[in-house]
Every structure is written in C-alpha cells, then in structure tokens.
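Okay, structure first, notes after.
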Amino acid sequence: MATETTETKLQSYELMVIFTPVLAEEEYKTAQQKFTDLITKNGGAIVHSDAMGLRSLAYPIDKKTTGLYWLVEYQAAGNVNAILEVQMGRDESIMRQMITRLDKYAVEFNERRRKGIKLVHTPKNVVETEEEEA
Amino acid sequence: MAKQNDIKYLSTARVDNRPKKYCRFKKLGIKYVDYKDAEFLKKFLNEQGKMLPRRITGNSLKFQRKVATAVKKARQMALLPYVTDLMK
C-alpha cells in the first residue's frame, strides 16, 4: 500500500550541483551521467538536464572562484533524494549541491524558461514598469 | 475665485505625491520566484547584497517570503554574494 502511493505520486525536484573547476570535460560528463543513472535506477525520470558549464562564483568556495554548474530537473519518489545526497556528499569533485522541491508553478516556469520566454504576463495588466528602489 | 486661492496657501502644500506602491508579482501574475535568476533577484537587494524591506519594494507578504527563500538559495549556490560592496 505504502509502496504503491510513493510510486504513483512522483514529485518534481530540481538539483543544482557545483563541481570543482579542475574537472576535465570528460570527467564532467561522466559525473553527470553517474547521477542521472542513480536517479533513473531508483525509479526516477529525468525531465531536463542542463550543463551550464563554467561560471564564476559570487564568492570563493574551497579557494576557487569558478565552478562547473549542472542543473537537472527530475521526477522521483521522495526517498531518492536521500540516496542522492549521500552519494553526492561522498563525491570529492562536488563543491556544493542543492535539491529543490518544485511546485506546479515552478514546473510550469521551468518549462517556459527552456522555451525562452522570459516572463509571463497576465492579460489584464501588461504594464512594464520597472520600479527601481531609491 | 480669490477665496479658493487663499485657501490653497493656508493648507500645507503636498510636497511628495508619489505613486502608490504595488506588489509586482501580483500585478504581473508571477507565481514562482526563481532562485536561478540572480539578475532578477538583485532588484530586491541593496548595494551590500542585503534584502530590501517590504516597505520599499512594495511586495506582498506572500511574495516577500518567496523572494527571501529564493535569495537564500541563490546565496548558497554562489549565484548571489552573502556580503559585498557596490553590487550595482
């Protein structure tokens, strides 16, 4: 009974990982593959995977000023995240990771973002006023 | 006619008649505040990277909370700095 409910109700999540910038292109790809496999093996489904590549950090992490970002949206049962987190914690190449639970608006937003539409405006008020703070 | 003009000077002149603040999320129909969009979140931060109060941004409480969590997430992932100077 309990297993049935967890299987039918897949929750959307988003995982953002910062790998160390010292990784080679291949290592970066294999690391991504490793975690996508981990998700799919545990009954999850990848919705979208985005290798954002090398980006500068807002502040240094582990004395490094850049990081290899990787963003993946997936649907999985809640217990998958714990497995993922353990594996990511053991991985030396990961500087930081974060799993965000996505609600229906977030899923919608991400879909739209991928298509390249910046913002949604409700038809009633399409007033673009950029109120800047003093 | 002259009377009305006199009354004008008797009462204190309104110096600032600024437009009413509004919640931009409600007005534009934005339902989700994305933590990945650092440029957008910067609108709610001051030069030191601190969050601006609702008093200034005009956000509704619901969305101020969402902005706060988004900013905190962005800081964790090094998309926004915790402390800085001259961000803008």
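Observations on the structure shown:
- Apart from one condition, B:Lys73 fits all of (1) surrounded by 13 or more Cβ atoms within 10 Å (Cβ to Cβ); (2) more than 10 Å from chain A (Cβ to nearest Cβ); (3) closer than 19 Å to B:Asp34 by Cβ; the exception is (2).
- Hits in region A:41-54 - residues which are more than 15 Å from the chain's Cα centre (by Cα) and either over 26 Å from B:Arg75 (Cα atoms) or surrounded by 14 or more Cβ atoms within 10 Å (Cβ to Cβ) (or both): A:Lys41, A:Asn42, A:Gly43
- Output for region A:43-69, where each listed residue is within 19 Å of A:Glu111 (Cβ to Cβ) and more than 11 Å from chain B (Cβ to nearest Cβ): A:Gly44, A:Ala45, A:Ile46, A:Val47, A:His48, A:Ser49, A:Ala51
- Looking only at region A:92-134, residues that are in a loop (DSSP other than H, G, I, E, B), more than 11 Å from chain B (Cβ to nearest Cβ) and modelled with pLDDT of 90 or more come to 2 in all.
- Wholly enclosed helices (runs of 4 or more DSSP H) of region B:1-55 bearing at least 1 residues at pLDDT below 85 and either more than 11 Å from chain A (Cβ to nearest Cβ) or at negative phi (or both): B:2-10
The values are calculated or read from the model by the stated rules, or taken from the named source; none is laboratory data. From a predicted model like this one, the values you see are computed outputs, not experimental measurements. Heads up, the Cβs are rebuilt from the backbone with ideal geometry, glycines too, and the neighbour counts pull from every protein chain shown.
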